[in-house]
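In what follows, a structure is listed as structure tokens, so that the remarks can point back to it.
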Amino acid sequence: AVPAYDPQNIFAKILRGEIPCSKVYEDDHVLAFNDIAPQAPTHILVIPKGAYTSYDDFAVNASDAEIIAYTRAIGKISAEAGVIENGYRLIANTRDHGRQDVPHLHVHIIGGKKLGLMLP
Ligand code: 5GP
């Protein structure tokens, strides 16, 4: 089973406005901001506003409206970031084996340069 949501995780604090972020996009269901430690010229984190720990939690438990908003936002943000033409990478690290640090679902949009191979 998916672990319980921890409302003290850092992205929950960003959503509540307790910690600042460099905002890239926001709508009723989604917030996106620049990663604090970018791994490439474009490194954006896209999060749903709902309390979901991981992609699997979200995919099973979120409403259709949340899923549509999140999926479309990732596409729109990628386009606005200017990475569509040359390509980029989407990553959703999940729990321990996936090396997820922050237990609120986030998709990384990483691009703006030719990335390294991503193998274990
Ligand atoms: P994970 O390993 O959980 O997939 O990635 C967490 C990401 O969140 C990392 O890339 C890390 O740099 C970023 N991060 C951690 N704390 C903060 C923060 O306070 N603000 C922002 N903007 N990014 C953060």
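The values are calculated or read from the model by the stated rules, or taken from the named source; none is laboratory data. Please read these numbers as outputs of a predicted model, since none were measured by experiment. For neighbour counting, all protein chains shown are included, and Cβ atoms are generated from backbone atoms with ideal geometry for every residue, glycine included.
A few notes on this one:
- Matching residues, region 1-48, being surrounded by 12 or more Cβ atoms within 10 Å (Cβ to Cβ), among the charged types (D, E, K, R) and in contact with a strand residue (DSSP E or B) (Cβ under 9 Å, 6 or more places away or on another chain): Glu26, Asp35
One line per residue, one yes/no per condition, for (1) in contact with a Lys or Arg (Cβ under 9 Å, 6 or more places away or on another chain); (2) not polar (S, T, N, Q):
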| site | (1), (2) |
| --- | --- |
| Ala12 | no, yes |
| Thr42 | yes, no |
| Leu45 | no, yes |
| Gly50 | no, yes |
| Ala81 | no, yes |
| Ala92 | no, yes |
| Gln100 | no, no |
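- Residue check for His104: in contact (Cβ under 8 Å) with a residue 12 or more places away in the chain, within 11 Å of the chain's Cα centre (by Cα) and either in a loop (DSSP other than H, G, I, E, B) or away from the ligand (no atom under 11 Å from the Cβ) (or both): yes
- Looking across region 107-120 at every residue that is aliphatic (A, V, I, L, M) and either part of a strand (DSSP E or B) or modelled with pLDDT under 95 (or both), the one that is farthest from Asn34 (Cα to Cα) is identified as Leu119.
- Hits in region 85-101 (condition: over 10 Å from the mean Cα position of the chain (by Cα) and either within 10 Å of the ligand (Cβ to nearest atom) or touching a residue at least 24 places away in the same chain (Cβ under 8 Å) (or both)): Asn86, Gly87, Tyr88, Arg89, Thr94, Arg95, Gly98, Arg99, Gln100, Asp101
- Ile110 without any contact (Cβ under 8 Å) to a residue 12 or more places away in the chain and either crowded, with 19+ Cβ neighbours inside 10 Å or touching a Pro at 6+ places or on another chain (Cβ under 9 Å) (or both): no
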